[in-house]
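For reference, the structure discussed in these notes is given below.
Just so you know, all these numbers are worked out from the coordinates, no wet-lab data involved. In this text, all values refer to a predicted model and were calculated from it rather than measured experimentally. We place every Cβ from the backbone using ideal geometry, glycine too, and count neighbours over all the protein chains shown.
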Amino acid sequence: MHKIIEKKQLADTITLMKVEAPMAVREAKPGQFVIVRLDEFGERIPLTICDADKARGTVTLIIQQLGRSTKDLCALKAGDSIKDILGPLGNPTEIEKFGTVVIIGGGVGAAELYTAAKALKEKGNKVITIIGARNKSLIILENEFKAIADEVLITTDDGSYGIKGFVTDALKKVISGQTVNRVICCGPIPMMKAVTMTAKPHNIPVIVSLNAILLDATGMCGSCRCTIEGKTKFSCVDGPEFDGYKVDFDELMARNKRFLDEERRALEG
Ligand SMILES: Cc1cc2nc3c(=O)[nH]c(=O)nc-3n(C[C@H](O)[C@H](O)[C@H](O)COP(=O)(O)OP(=O)(O)OC[C@H]3O[C@@H](n4cnc5c(N)ncnc54)[C@H](O)[C@@H]3O)c2cc1C
């Protein structure tokens, strides 16, 4: 069992939890994730290791309430326990000295890139962060990113905070003023596709962190199958990060809709 030692509400539907998971954090690297199961009947939920305190043996998870399992998870309180936390899983983010790196997080995707941003800055890169959300109330980790990044740009779809528009509007602004050596992006699939298309005319390498529906996380079940440069890959063991130019985003979007009826029934039930 894994005890929740801290719980904080970051936005209406976004919760931060620090949870005891000494085994999972011991070898954790930026970009990796864990599989969480609330109880013995629980669904397997992949969640990124947003921060790992190796000395205290705690993992920071940032969870957006979307359906039944994330709703049940977010309803837990500090002091409650989670049955299983399995990890670290997936390949870590490549941390090298690239030059200027733009980190783009849409919604809870910002949380998923926080440790990578920190590690890239420590490696000597100039780190520019773009955080985008539908409105001001959904912007998370602004101060945390300001503490580590050289520049932080905020965009909201409705203009309630920062630049009115999408993360791609901010990216265009950044690219027009300087050389960008790498873009790393995590968020809704249409956003990652749009970021890739925006960077393409400038030949900037784009890394995207895919949120394919992932079940066993060992490469055996095939649920997170995606097509990368015409070849079948499993997001859990071959990813979750891939070269954005090679990803078949349209197929991934279609595959991620395949349980919509079941997801709706689970939430209603
Ligand atoms: C590698 C990886 C890291 C992730 N990290 C985070 C994170 O740090 N914070 C966070 O809030 N979310 C993260 N997610 C997404 C999170 O796992 C899903 O939102 C969650 O599983 C939804 O479960 P649900 O029962 O609440 O919603 P459901 O109603 O079951 O589903 C809602 C939507 O969530 C997605 N989803 C459902 N089940 C899964 C699944 N098993 N795997 C992936 N996506 C699923 C689907 O797009 C679905 O339409 C991550 C996903 C992946 C693949």
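Tabulated data
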{"item": "Under 18 Å from K77, Cα to Cα: lysines that are on another chain or at least 8 residues apart", "result": "K3, K7, K8, K18"}
{"item": "Reachable lysines from K146, criterion Cα separation under 19 angstrom, eight or more residues apart if same chain", "result": "K118, K121, K123, K126, K136, K173"}
{"item": "Cα-centre dipole for the chain with unit charges at Cβ (Lys and Arg positive, Asp and Glu negative), debye to 20", "result": "360"}
{"item": "Cα-based convex hull volume of the stretch 72-196 per residue, rounded to whole Å³", "result": "138"}
{"item": "Stretch gain in nm, segment R56-A254, where the contour uses 0.36 nm per residue and the Cα spacing is subtracted", "result": "67.2 nm"}
{"item": "Shape category assigned to the stretch 9-128 from the gyration tensor of Cα positions, a/c cut at 1.5", "result": "prolate"}
{"item": "Over the chain: helical MRE at 222 nm, DSSP H runs n ≥ 4 each giving -39500 (n - 2.57), nearest 500", "result": "-7000 deg cm²/dmol"}
{"item": "Charge sum, other residues only, whose C-beta stays under 12 Å from K193's C-beta, Lys/Arg counted +1 and Asp/Glu -1", "result": "-2"}
{"item": "Share, in percent, of DSSP beta bridges within the stretch 100-255 that are antiparallel, nearest 5", "result": "25"}
{"item": "Kirkwood-based shape ratio for the stretch 113-177, expressed as Rg/Rh from alpha carbons", "result": "0.98"}
{"item": "Rounded to 5, the percent of DSSP beta bridges in the chain classed as antiparallel", "result": "60"}
{"item": "Cβ-based net charge around G79, under 13 Å, with every Lys or Arg adding one and every Asp or Glu removing one", "result": "+1"}
{"item": "Distant-in-sequence amide H partners of T93 (H built 1.01 Å from N, under 5 Å)", "result": "G31, Q32"}
{"item": "Pairs beyond 25 Å (Cα-Cα), from K233/K257; K83/K233; K29/K200; K97/K246", "result": "K83/K233; K29/K200"}
{"item": "The stretch 48-136: antiparallel DSSP beta bridges as a percent of all, rounded to 5", "result": "30"}
{"item": "Cleavage-rule hits (trypsin sites (Lys or Arg not before Pro)) in the stretch 183-258: DSSP loop, at most 11 neighbouring Cβ within 10 angstrom", "result": "K257, R258"}
{"item": "Dimensionless Rg ratio for the chain, taking C-alpha atoms and the 2.2 N^0.38 Å reference", "result": "0.96"}
{"item": "Sparse-neighbourhood loop sites, chymotrypsin sites (Phe, Trp or Tyr not before Pro) in the stretch 41-125 - DSSP loop, at most 12 other Cβ within 10 angstrom", "result": "F41"}
{"item": "Surrounding net charge for V174, when Lys and Arg each add one and Asp and Glu each subtract one, Cβ distance under 13 Å", "result": "+1"}
{"item": "Under the Karplus curve 6.51 cos²θ - 1.76 cosθ + 1.60, θ = phi - 60°, whole-Hz ³J(HN,Hα) for the stretch 251-267, x wherever Gly or Pro sits", "result": "5, 4, 4, 5, 5, 6, 9, 6, 10, 4, 5, 4, 5, 5, 5, 5, 5"}
{"item": "Rounded to the nearest 20 debye, dipole of the stretch 100-255 from Cβ charges on Lys, Arg, Asp, Glu", "result": "280"}
{"item": "Fraction of the pair-distance distribution of the stretch 140-269 above 26 Å, Cα-Cα pairs, percent", "result": "34"}
